[in-house]
Amino acid sequence: MRRRILALLILGLWAAAISGCQSIPPRTSQKNPVDTISFKVAVLRGPTALGMVKMLDSPPNLGIDTTAEYVIEQSPDTLSAKLLTGEIAVAAIPTNLAAKLFNKGVNYQLAAMNTWGVLYVVTNDESVKSWPDLKGQQIDNSGQGAATDVVLRYLLAKNGIDPNKDVIIKYVPTPAEQAQLAIAGRSKITVLPEPWVSTVLRDNKDLKIALDMQQEWTRIHGADVPFAQTCLVVNADFAVKHPAVVGKFLDEYAASIAWVNQNPAAAGEMIKKQDIGIPAEVAASAIPRCNLRYMDAVDAKPAIEKYLQVLLDFSPDSIGGKLPDAQFYYQK
């Protein structure tokens, strides 16, 4: 009897143990989901894209689970359309376009300067050696009313030349057409940006650079207020949400610009693989004349404000009708 009771007790305890084990849910291995950050970086085709060519060729590591897609836009209009929708997080664009977008309420801030002017007066006339020598001349230019046209008119006026009376400014549809006229000897004096300057100097040995418009700008305003032509903007919402990513991107961008300046020939080889509108064979000579230099927005503010003020005085619409306020300048 005792043996039967003991056996029943043991059987009961064993059943209870089995039941208890079955009631405990099995352990599972769970990982917290990792946030991934994907964003688009856009550069405008032309000299504006030069400083980023190393990043286009070999995208840098911007952090774990962070991916940047780089796109080259063919015109300011197509890039502006994408900025208006907010689909681009970071973009290299003309400084006046950055101001115009900001003044329209588009949520971008100027994060850094990248290019301090690419404009030159090219001629086959040996007598043109200074700004006063332009008086009474015909000057070919493109983009009537655009920022580069305003800068030409401003520099003429600062040298005592009335751009409406003392010279004839003939407008050609594009810099490419200007370059062809100059190469063919059908343009005596022309205002060109790089890389067209290097192209015409290569293809017509009678042409020379008579005037450096960046140099004249700093002569008027001082070396600490250079010609703030193009910049890098960042979507303000993206910057608030991902400050570390933006900071890392800016560091890599500064390094890319420095590398391009130090290695123009190697940068030319990279340009062969990118559709940025600069012939690889002239890139090495064009790069030094593009005045590439990284500067944070806060440090560049005096130069930016001077440039935008000149545009405001001559063509208010080119910057959206007013100087941007302090919120225009991104701070790390």
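So which of GLY321, GLY247, GLY277 is in the same structural domain as LYS100 (by TED's automatic domain parsing), assigned to a loop (DSSP other than H, G, I, E, B) and touching a Lys or Arg at 6+ places or on another chain (Cβ under 7 Å)? Explain how you work it out, then say what you get.
Details: GLY321 fails: touching a Lys or Arg at 6+ places or on another chain (Cβ under 7 Å); GLY247 fails: assigned to a loop (DSSP other than H, G, I, E, B).
Only one candidate qualifies: GLY277.
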Could you grab me the full set of residues in region 43-76 that are aliphatic (A, V, I, L, M) and over 18 Å from TYR294 (Cβ atoms)?
ILE64, VAL71, ILE72
All positions within region 250-274 that are assigned to a loop (DSSP other than H, G, I, E, B) and in contact with a helix residue (DSSP H, G or I) (Cβ under 6 Å, 6 or more places away or on another chain):
LYS272, GLN274
Do we find a residue being of a type in the set (Val, Ile, Thr) and either assigned by TED's automatic domain parsing to the domain that holds TRP259 or under 26 Å from ILE88 (Cα atoms) (or both) anywhere in region 150-172?
no
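Here is a yes/no grid of residues against (1) of a type in the set (Val, Ile, Thr); (2) in the same structural domain as ILE93 (by TED's automatic domain parsing); (3) surrounded by fewer than 20 Cβ atoms within 10 Å (Cβ to Cβ):
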| site | (1), (2), (3) |
| --- | --- |
| ILE257 | yes, yes, no |
| VAL260 | yes, yes, no |
| GLU281 | no, yes, yes |
| TYR307 | no, yes, no |
| VAL310 | yes, yes, no |
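Quick one: count up the residues across region 84-102 that are in a helix (DSSP H, G or I) and over 20 Å from ALA68 (Cβ atoms).
Of the residues in region 84-102, the ones in a helix (DSSP H, G or I) are 84-85, 95-102.
Add one more test, that the residue is over 20 Å from ALA68 (Cβ atoms), and what stays is 84, 95-97, 99-102.
Total meeting the criteria: 8.
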From LYS332, LYS272, grab the single residue that is over 18 Å from the mean Cα position of the chain (by Cα) and exposed (fewer than 15 other Cβ atoms within 10 Å of the Cβ).
LYS272
Hey, any hits in region 285-293 for a residue that's modelled with pLDDT of 95 or more and either closer than 30 Å to VAL240 by Cβ or not assigned by TED's automatic domain parsing to the domain that holds ALA98 (or both)?
yes
Identify all residues within region 52-75 that are part of a helix (DSSP H, G or I) and surrounded by 18 or more Cβ atoms within 10 Å (Cβ to Cβ); write none if there are none.
MET52, VAL53, LYS54, MET55, LEU56
Selected residue (only one of ASN164, ASN204 is of a type outside the set (D, E, K, R) and within 20 Å of SER315 (Cα to Cα))
ASN164
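The values are calculated or read from the model by the stated rules, or taken from the named source; none is laboratory data. Keep in mind the model is a prediction, meaning the values are calculated, not measured. Backbone-built Cβ (ideal geometry, glycine too); neighbour counts: all protein chains shown.
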